[in-house]
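Beneath this line is the structure, given in structure tokens, with notes to follow.
The values are calculated or read from the model by the stated rules, or taken from the named source; none is laboratory data. Just so it is clear, the model here is predicted, and its values are computed rather than measured. Neighbour counts are summed over all protein chains in view; Cβ atoms, including those assigned to glycine, are modelled from backbone coordinates with ideal geometry. Keep in mind that these areas ignore ligands, DNA and RNA; they rest on the heavy atoms of the full protein, side chains included. Shrake-Rupley method; radii C 1.70, N 1.55, O 1.52, S 1.80 Å.
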Amino acid sequence: METKRALITGITGQDGSYLAELLLSKGYEVYGLVRRSSTLSNERIIHIQNQIRLIEGDLGDTSSMIRVLRAAKPHEVYNLAAMSFVKTSFDEPVATGNITGLGVARLLEAVRLVDPTIHFYQASSSEMFGKVRESPQTELTPFHPRSPYGVAKAYGHYISLNYRESYGIFTANGILFNHESPRRGLEFVTRKISHGVAKIKLGFADHIILGNLDAKRDWGFAGDYVDAMWRMLQAQEPSDYVVGTGETHSIREFLEAAFRSAGIDDWQHYVKQDPRFMRPAEVDLLLANPAKAKKELGWEPKTSFGQLVNIMIEYDIDLLTRLPHLGKAAHHH
């Protein structure tokens, strides 16, 4: 039996690093796409970088994608690359559309030309639901994205569906709800909180500044969600799946749990609110109904909300204990 090969775009990101670990544990040869232009932020994959192969390529260029697929000869492609920070997408809507949206079309076109038997995973997003028409959201809930990122993801979702229906390519879209981990970037609110609480715990800071504390999210653990991606590409038939916990928690609840996890009581004392951190158009209640993924893929999240907060807090306290200079540095965004 030939060793399975997978190509992951966005391998240096949170999901890419967890997915690479999962596939390596299953005996895959793992290739990762990296951009030439980017100063490689390898910290998430440094512990496995001698087990994976990085290939330079550009989602802005179809011929580059063709070259990458010819070099890696993957059986599976996981497209996780995106301009992924929602707030930035308001500043750079065209660039976001080019990579997060059209990048999917370029990669699929390369798949069609090089090897149409490839199984293709597209990272869709709950941000496509945006101004939600119903709660909870399923695979059939209409989209009304409220950020250029959500709009680009909706294009990626439908172009992937199109390649399935028009060309018979095995494409699966995972509509993932918010998923967090210690590998989240510091610009994301959950990591901003866990890192901020760790700094307060260790005496490097005396407060955190946040926006809307009442915003609610369906938050899961990224390590659980990459397993759902893999399952989608092993299925008999390609389909689309909502992946989430089916529970929702407010940022205020995340804060409470984070401070409690760090052994700090009166959390209100340490939190300041700043209207500048409010989004131009906030999404309403994002809440997943992952029943189809459970029924057809046998997938369900293993990590509870409390466990997720704990994992993140413990990681950041440990990180700042080992590397105290990170706590003393000005906030590095």
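Counted as qualifying within the stretch 223-333 are the helices (runs of 4 or more DSSP H) with 3 or more residues that are in contact with a helix residue (DSSP H, G or I) (Cβ under 8 Å, 6 or more places away or on another chain) and open to solvent by less than 30 Å² (accessible area, probe 1.4 Å), namely 251-261, 305-322. For HIS269, the criteria (1) closer than 12 Å to ILE209 by Cα; (2) in contact (Cβ under 8 Å) with a residue 12 or more places away in the chain hold in every case but one, which is (2).
Within the stretch 186-222, being closer than 30 Å to GLU237 by Cα, open to solvent by less than 10 Å² (accessible area, probe 1.4 Å) and either part of a strand (DSSP E or B) or free of Cβ contacts under 8 Å to residues at least 24 places away in the same chain (or both) holds for one residue alone: GLY220. Reported count of residues in the stretch 1-21, each being open to solvent by 20 Å² or more (accessible area, probe 1.4 Å), in contact with a Lys or Arg (Cβ under 9 Å, 6 or more places away or on another chain) and more than 23 Å from LEU108 (Cβ to Cβ), is 1. Counting only residues that are within 16 Å of the chain's Cα centre (by Cα) and under 26 Å from SER304 (Cβ atoms), which one in the stretch 133-178 is most open to solvent (accessible area, probe 1.4 Å)? Step by step, filter the stretch 133-178, then rank; the result is ASN178.
Given the stretch 69-185, what strands (runs of 3 or more DSSP E) lie entirely inside it while holding 2 or more residues that are in contact (Cβ under 8 Å) with a residue 12 or more places away in the chain and β-branched (Val, Ile, Thr)? Walk me through how you get there before you give the answer.
On the way: elements: 76-79, 119-125, 170-176.
Output list reads 170-176.
Pairs meeting the criteria (first residue in the stretch 236-250 and aromatic (Phe, Trp, Tyr), second residue in a strand (DSSP E or B), beta carbons under 6 Å, at least 6 apart or on different chains) are TYR241/GLY174. Considering the stretch 22-51, and only residues there that are assigned to a helix (DSSP H, G or I) and without any contact (Cβ under 8 Å) to a residue 60 or more places away in the chain, the residue that is least open to solvent (accessible area, probe 1.4 Å) turns out to be ILE48.
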